[in-house]
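Student: Once you've had a glance at the structure underneath, I'll fire off some questions.
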Amino acid sequence: MSADELVDGDLTYASWKRSLRDGVLLGQECRDCRHATAAPKAACAHCGSRELEAVELPTTGVVYSETTITVPPRQFSDDDPYQVAIVELDEARVMAHIDGSVEIGDEVRLQGSIEADDEPAPLFG
């Protein structure tokens, strides 16, 4: 599913999940201030406007911040530590699981998604 396929251009969590499972990362851009976000919201986090439109986000980005989870939540059957990162995708930032290991400033590419309790999360590597 792409941003063009959404009904009335509205991005819901359900449509965001469907598109992510299809390998497409959608976000929203404010029509008033052009602030971009990587997850569905009811209003712009920057200016408060409700004039948001769905956009397809880039599949490559730069690691803004990262951390290693050494005690994973129960949903993850693997007890091994794993890394998560905030990835900058042009103007938007998304929290994502990392395939492999990264450092701040590394370029990463969307690898698909990872599932926990039937909830997808972006996977970058």
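The values are calculated or read from the model by the stated rules, or taken from the named source; none is laboratory data. Predicted model, so just to flag it, every value in this text is computed and none were measured. When we count neighbours, we look across all protein chains shown, and the Cβ atoms used for this are built from the backbone with ideal geometry, even at glycine. For the accessible areas, the whole protein counts, side chains as well, though only heavy atoms, and no ligand, DNA or RNA atoms are used. Shrake-Rupley method; radii C 1.70, N 1.55, O 1.52, S 1.80 Å.
Student: Quick one: would you say SER101 is hydroxyl-bearing (Ser, Thr, Tyr), open to solvent by less than 30 Å² (accessible area, probe 1.4 Å) and part of a loop (DSSP other than H, G, I, E, B)?
Tutor: No; evaluated as a whole, the condition is false for this residue.
Student: Every residue in region 104-117 that is under 16 Å from the mean Cα position of the chain (by Cα), closer than 18 Å to PRO72 by Cα and either β-branched (Val, Ile, Thr) or surrounded by fewer than 17 Cβ atoms within 10 Å (Cβ to Cβ) (or both), please.
Tutor: Matches in region 104-117: ILE114, GLU115, ALA116.
Student: So, one more: Any idea which of VAL7, VAL87, VAL71, VAL55 is modelled with pLDDT of 95 or more and among the aliphatic types (A, V, I, L, M)?
Tutor: After ruling out the rest, the residue left standing is VAL87.
Student: With outside any loop (DSSP other than H, G, I, E, B) and open to solvent by 50 Å² or more (accessible area, probe 1.4 Å) as the only criterion, which of VAL55, VAL62 stands out?
Tutor: Matching residue, one of VAL55, VAL62: VAL62.
Student: Let me ask something else about it. Across region 19-52, what is the total count of residues that are in a strand (DSSP E or B) and under 20 Å from GLY112 (Cα atoms)?
Tutor: Residues flagged as in a strand (DSSP E or B) and under 20 Å from GLY112 (Cα atoms) within region 19-52 amount to 4.
Student: Going by the structure shown, is ALA42 of a type in the set (A, V, I, L, M, F, W, C), within 17 Å of the chain's Cα centre (by Cα) and loosely packed, with under 12 Cβ neighbours inside 10 Å?
Tutor: yes
Student: Next up: Among the residues of region 76-98, write down those that are closer than 19 Å to PRO40 by Cβ and open to solvent by 90 Å² or more (accessible area, probe 1.4 Å).
Tutor: Result: ASP90, GLU91, ARG93, MET95.
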